[in-house]
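So the structure is just underneath, and the comments pick up after that.
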Amino acid sequence: MVYLIYRCDCGRVLYSKEGTKTKKCTCGKTLNVRKRRILKTADTANSATQTVQDMQEEIYGGTMFKTANQL
């Protein structure tokens, strides 16, 4: 399974399985995945998640993603 990584118009980085038609961003916008510019691909959901986290931190700086015991 291949996962596609792309950005919403609000700037958030998202991923979905290849073949997915639409995805709803947390900002509320529904995206047509087939019309998005694909930034990267990943082979597993775990690697897609890690790539999205890395890209978000690169864009916004700092470590945004923490586990509950780090708070």
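Give me the net charge for the shell around MET55: Cβ to Cβ below 13 angstrom, other residues only, Lys and Arg +1, Asp and Glu -1.
On the way: positive: ARG7, ARG12, LYS40; negative: ASP54, GLU57, GLU58.
Overall, the nearby charge balance is 0.
May I ask for log10 I(q)/I(0) of the chain at q = 0.14, 0.24 Å⁻¹, from a Debye sum over the Cα atoms as equal point scatterers with solvent left out?
-0.44, -1.12
Once fully extended, how much extra length lies between THR20 and ASP54, figured as 0.36 nm per residue of separation less the alpha-carbon to alpha-carbon distance?
Values: separation 34, 0.36 × 34 = 12.24 nm, distance 2.27 nm.
Length gained between THR20 and ASP54: 10.0 nm.
Compare the peptides 43-52, 3-12 by average per-residue count of other Cβ atoms within 10 angstrom and give them in order, highest first. Could the numbers behind the result be given before it?
Details: 43-52: 14.8, 3-12: 16.6.
Order by mean packing, descending: 3-12, 43-52.
Mean residue ellipticity at 222 nm from the helices of the chain, using -39,500 (n - 2.57) per DSSP H segment of n ≥ 4 over the full residue count, to the nearest 500 deg cm²/dmol? Can you show the working numbers first?
Details: 1 runs with 16 residues, N = 71.
It lands at -7500 deg cm²/dmol.
Throughout, read-outs are computed from the coordinates displayed, never taken from laboratory work. These figures come from a predicted structure and were not determined experimentally. Backbone-built Cβ (ideal geometry, glycine too); neighbour counts: all protein chains shown.
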